[in-house]
Amino acid sequence: MNDLVVYHFVPPPDQKTLSFHFGRQGIGLEETGATFPSDSFFAALVAQDVLVGGGGSLASAFLDDTPPLYHSSLFPRLGDLPLLPRPALPLIVPDDTLRAAIGKGFKRLRYLSPALFADVCAGRPITDAPVMLQGGRVWVTLTEAKALNVPPWRRAANESDTSWRQRLAHEAIWSVTGVPHVTVDRVSCASAYYEVGQVTFAPEAGLALLVRFTDPAYRPRFERLLDLLGDSGLGGRRSSGSGAFAWRVGAPLAVDIGAGGKRVVLLSRYLPRLDELTALRSSDSAYRLVNVGGWLFSPGEMSQRRQRVRMIVEGSVLDAGAGALRGRIVDVRPNYSAGRPHPLLGAGVGTPHPVYRSGLALTVPIPDWKEES
């Protein structure tokens, strides 16, 4: 993982915190996520490139057999500590007392600190009680927690270990709230109240993006797009002030996973190529699928639903065999059949240009070790 560049998303100069509306599928705007998947982030980069006159060259570069970079989804960040998705591997806790103390924390866990992520991937047992944050959804080691030299997670000089842990359990890294809005009907002038979900990160928290550059010369262009995307905003409700961010390069990930074997852990969503489907059939793989749908944005075109695609989620463990998993990019623009034409566009392709969704895999190789049945 030492070849990954870590980008920290931080509040812009005129804000103290990061706020986003990362929409989830469903009716209304009430739902929002705390993270942003890699396929959506790639779509935002492509849209930004087109808007500034890139002419689609960014997307073309990723259609080659060797794309210039692979990137992760956006994960939570606590201070300088990026949080990584829980791998689809067993958590080895040999001590019964520790297991009882963790209790329901096993089910709630979603994100691990780099040190715990490395231990789980390497099959090493967890022997010390992790510090649990965000209602048990985030685990960090005691050493990493003590190194958090930022309020409110910094331990006070006169604070006991027990009271400090108890306080940290209630300190939110991020919070999801409903922001009230009112719409007024233009004809009747009747008002209607509604709420929009918004995720807000604590002042010393935010998001982290991991990038592996296969072409280092591409890095300045990527970082320029990050600048532009930070000004334009990420996610929905940007006209209401959500989505703006700045960024800085964080410290390299220093983790000890050990020598990699044939299995890998995903740090992005993944859409396998035909010759990679054997990875899904292996008994050494463990993964979860997600249906990705939603709406497309195209200047000068009406809003339309994208074609749905099923992807493998972050944290999945796949048997890569002898080769690396690359993944692929798919065109998800709507294609209306003669039997079910669009009311206005009729049958055929809904937009004159491709609408790309990235399933390129950012992976981390993990050692070969046998899970107990």
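The values are calculated or read from the model by the stated rules, or taken from the named source; none is laboratory data. As the structure is a computational prediction, the values presented were derived from the model and not from experiment. Positions of Cβ are backbone-derived with ideal geometry, glycine not excepted, and every protein chain shown enters the neighbour counts.
If only one of ARG224, ARG281, ARG269 is without any contact (Cβ under 8 Å) to a residue 12 or more places away in the chain and closer than 23 Å to GLN48 by Cα, which one is it?
That would be ARG224, the only listed residue that is without any contact (Cβ under 8 Å) to a residue 12 or more places away in the chain and closer than 23 Å to GLN48 by Cα.
For the stretch 93-124, how many residues are of a type in the set (A, V, I, L, M, F, W, C) and touching a Lys or Arg at 6+ places or on another chain (Cβ under 7 Å)?
Of the residues in the stretch 93-124, 3 are of a type in the set (A, V, I, L, M, F, W, C) and touching a Lys or Arg at 6+ places or on another chain (Cβ under 7 Å).
Can you say whether PHE75 is more than 23 Å from PHE222 (Cα to Cα), crowded, with 19+ Cβ neighbours inside 10 Å, at pLDDT 90 or above and aromatic (Phe, Trp, Tyr), as far as the supplied structure shows?
Here the answer is no, as PHE75 does not meet what is asked.
Output the number of the condition that ARG326 fails; it satisfies all remaining conditions of (1) within 14 Å of SER358 (Cα to Cα); (2) in the same structural domain as SER19 (by TED's automatic domain parsing).
Just one mismatch for ARG326, condition (2).
Can you tell me which residue in the stretch 123-151 is surrounded by the fewest Cβ atoms within 10 Å (Cβ to Cβ), limited to those that are in a helix (DSSP H, G or I) and either at pLDDT 95 or above or among the charged types (D, E, K, R) (or both)?
LYS146
Here are the criteria: (1) under 20 Å from ARG137 (Cα atoms); (2) at pLDDT 90 or above. Tell me which single one GLY33 does not satisfy.
Here GLY33 clears every test but (2).
For the subset of the stretch 17-30 comprising residues that are over 18 Å from the mean Cα position of the chain (by Cα) and modelled with pLDDT under 80, which member is farthest from ARG305 (Cα to Cα)?
GLU30
For the stretch 332-363, which residues satisfy the criterion of being free of Cβ contacts under 8 Å to residues at least 12 places away in the same chain and in a strand (DSSP E or B)?
GLY346
Specify the residue that is farthest from the chain's Cα centre (by Cα); the eligible residues are those in the stretch 284-319 that are modelled with pLDDT under 90 and over 22 Å from SER60 (Cβ atoms).
My answer is MET302.
Just to verify a result, which residue in the stretch 271-307, among those that are of a type in the set (A, V, I, L, M) and closer than 21 Å to TRP369 by Cβ, is surrounded by the fewest Cβ atoms within 10 Å (Cβ to Cβ)?
LEU280
Looking at the structure I just gave you, is GLY79 in contact (Cβ under 8 Å) with a residue 40 or more places away in the chain and at positive phi?
yes
Only one of ASP14, ASP49, ASP65 is within 19 Å of ARG221 (Cα to Cα) and at pLDDT below 90. Can you tell me which?
ASP49 is the lone residue from the list that is within 19 Å of ARG221 (Cα to Cα) and at pLDDT below 90.
How about the stretch 320-331: which of its residues are under 21 Å from the mean Cα position of the chain (by Cα) and free of Cβ contacts under 8 Å to residues at least 12 places away in the same chain?
Those that are under 21 Å from the mean Cα position of the chain (by Cα) and free of Cβ contacts under 8 Å to residues at least 12 places away in the same chain: none in the stretch 320-331.
Please count how many residues of the stretch 320-331 are of a type outside the set (D, E, K, R) and outside any loop (DSSP other than H, G, I, E, B).
So the answer is 2.
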